[in-house]
Amino acid sequence: MKALFLDCNDQLAPVWQSVVRADDPPIDVNRKPFARDELPAVLKGYAIAIDDHSYMPTPLVEQCDALKHIVFLGTGPASYMSLADMAARGIKVHIIRNYGDTAVAEHTIALLLASCRDIARMDREVRAGTWVPHEGVQLLGKTLGVIGLGGIGGEVARIGRGLGMEVIAWNRTPKPGAPLVALEELLQRADAISMNLTLNDETRGFLGPAQFAAMKPGVIFVNTARAGLVDETAFIEALRSKHIRHAGLDVFHHEPLTLDNPLASMENVTLSAHAAFRTPEASMTLLRRAIDIVRDIVGKAA
C-alpha cells in the first residue's frame, strides 16, 4: 500500500527526518504546496494519506480512487473533512490523541495571560509609537472554567490551579474526582473560560447565543480546540458588545484567517496561527505515532 505525507511543511520536515527509522514502511513526502482542487492529482495511486491540516472536501476525495486511510495529525479531522462521508466511502480516518497535551495547555495559558493583560494590543501600540498602559485582569483568586476535561483540559486545569485560580470544569462524561459542575453553572461563575472539547457532530456549535448570554459579563474566553465548537456570529457579537472582555484564539472557522474576517481587526482579540501544538517535543511524538499507524495498516494488509 502506497503512503504519502500529503502536506509536510518546512517546519515539520526536519522533525520527520529525525523520527523516521530504517525499518519503517516507505512513505513518500510531499513538500510542495498545492491548490485544493489539485488534491486528487497529489493523492493519485496512494492508499494512505498522512494529513497535517489540509482540507479534504468530499467531492475531491471521491476522485481519489486508491485512498483507503487518512492519518490525521491531531484529534480534529472533522474541521477538515466530513467523517460521515469518509466512512460511507470506506475510508478510515485515524486520529492521534495525547501527543501534545502539555504543549496545547501551555499555549492556552499563554493566550489567557496575554488576553488578561492586553499584551498583543500594547505590543502593537508601542511599536507604532503609542504609549498607553492598559489596565489588565489579575487571575489570582479568579475562577477558571474548563469545558472539556480530557488530556488537554486536565493540563489546563492543573496549570490554572498553579496560578492560584479556582478551577471548575464541565465534561461530556463523568470524571471521578474532577471538579465537575453543570454547564450553566460554569458559564455563570467563570471569570475565564477555556474551550477544550473535541469537535464532532454532537459538539459543533456547542456555544451559541444562549450560552454566550449566560456567561459572566467581562469574561475572558480562550479557544485552542476547534472554532466549529462556537457559533461564530454569536461569538463576534459578544465580543463587539464587550460581554466577552477579551478572547484568545488559536483556531478559526476558515484557516488561514483572512483580513476581512471581523476577528482580524478587533482590539479585544489576541490571535495565533493554529500553533498551540507546535513544539519540537509534541511534533516528534505526533509524527512518530503517525508512522506507527501506517506501519500497522501496512502490516495488516500484508
### Glu62 vs. criteria surrounded by fewer than 20 Cβ atoms within 10 Å (Cβ to Cβ), under 25 Å from Leu229 (Cα atoms) and out of contact with any Asp or Glu (no Cβ under 8 Å at 6 or more places or on another chain)
no
Of the residues in region 220-238, those that are touching a strand residue (DSSP E or B) at 6+ places or on another chain (Cβ under 8 Å) and surrounded by fewer than 21 Cβ atoms within 10 Å (Cβ to Cβ) come to Asp231, Ala234
Flagged pairs (Cβ under 8 angstrom, 6 or more apart or on separate chains; first in region 270-281, in contact (Cβ under 8 Å) with a residue 40 or more places away in the chain; second among the basic types (Lys, Arg) and outside any loop (DSSP other than H, G, I, E, B)) are Thr270/Arg121
If we keep only residues of region 62-101 that are touching a residue at least 60 places away in the same chain (Cβ under 8 Å) and part of a helix (DSSP H, G or I), then the residue farthest from Ile152 (Cα to Cα) is Ala84
* Could you please let me know if Tyr46 is over 30 Å from Ile220 (Cβ atoms), in a loop (DSSP other than H, G, I, E, B) and of a type in the set (Ser, Thr, Tyr)? => yes
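Among the residues of region 243-302, write down those that are among the small types (Gly, Ala, Ser), over 21 Å from the mean Cα position of the chain (by Cα) and closer than 27 Å to Arg117 by Cβ.
Of everything in region 243-302, just one residue is among the small types (Gly, Ala, Ser), over 21 Å from the mean Cα position of the chain (by Cα) and closer than 27 Å to Arg117 by Cβ, namely Ser265.
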Wholly inside region 216-302, strands (runs of 3 or more DSSP E) that include 2 or more residues that are at negative phi, modelled with pLDDT of 95 or more and of a type in the set (Gly, Ala, Ser) are 244-249
Of (1) in a loop (DSSP other than H, G, I, E, B); (2) touching an Asp or Glu at 6+ places or on another chain (Cβ under 8 Å); (3) at pLDDT 95 or above, His53 fails just (3)
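Each row is one residue, and each column tells you yes or no for (1) out of contact with any Asp or Glu (no Cβ under 9 Å at 6 or more places or on another chain); (2) of a type in the set (Gly, Ala, Ser); (3) under 21 Å from Ser18 (Cα atoms).
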position: Pro256; (1), (2), (3): yes, no, no
position: Leu259; (1), (2), (3): yes, no, no
position: Leu271; (1), (2), (3): no, no, no
position: His274; (1), (2), (3): no, no, no
position: Ser283; (1), (2), (3): yes, yes, yes
position: Leu287; (1), (2), (3): yes, no, yes
position: Ile297; (1), (2), (3): yes, no, no
position: Ala302; (1), (2), (3): yes, yes, no
Picking from Leu43, Leu4, Leu73, Leu67, the residue that is under 23 Å from Glu202 (Cα atoms) and at pLDDT 95 or above would be Leu73
Cβ pairs under 6 Å, 6+ apart or interchain, first in region 230-243 and in the same structural domain as Ala213 (by TED's automatic domain parsing) and touching a residue at least 24 places away in the same chain (Cβ under 8 Å), second assigned to a helix (DSSP H, G or I) and surrounded by fewer than 18 Cβ atoms within 10 Å (Cβ to Cβ), ordered by first then second residue, are Ala234/Pro209; Ile236/Pro262
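The values are calculated or read from the model by the stated rules, or taken from the named source; none is laboratory data. Fair warning: this is a prediction, and the values are worked out from it, not measured in the lab. Because the Cβ atoms are built from the backbone with ideal geometry, glycine has one as well, and the counts that use them run over all protein chains shown.
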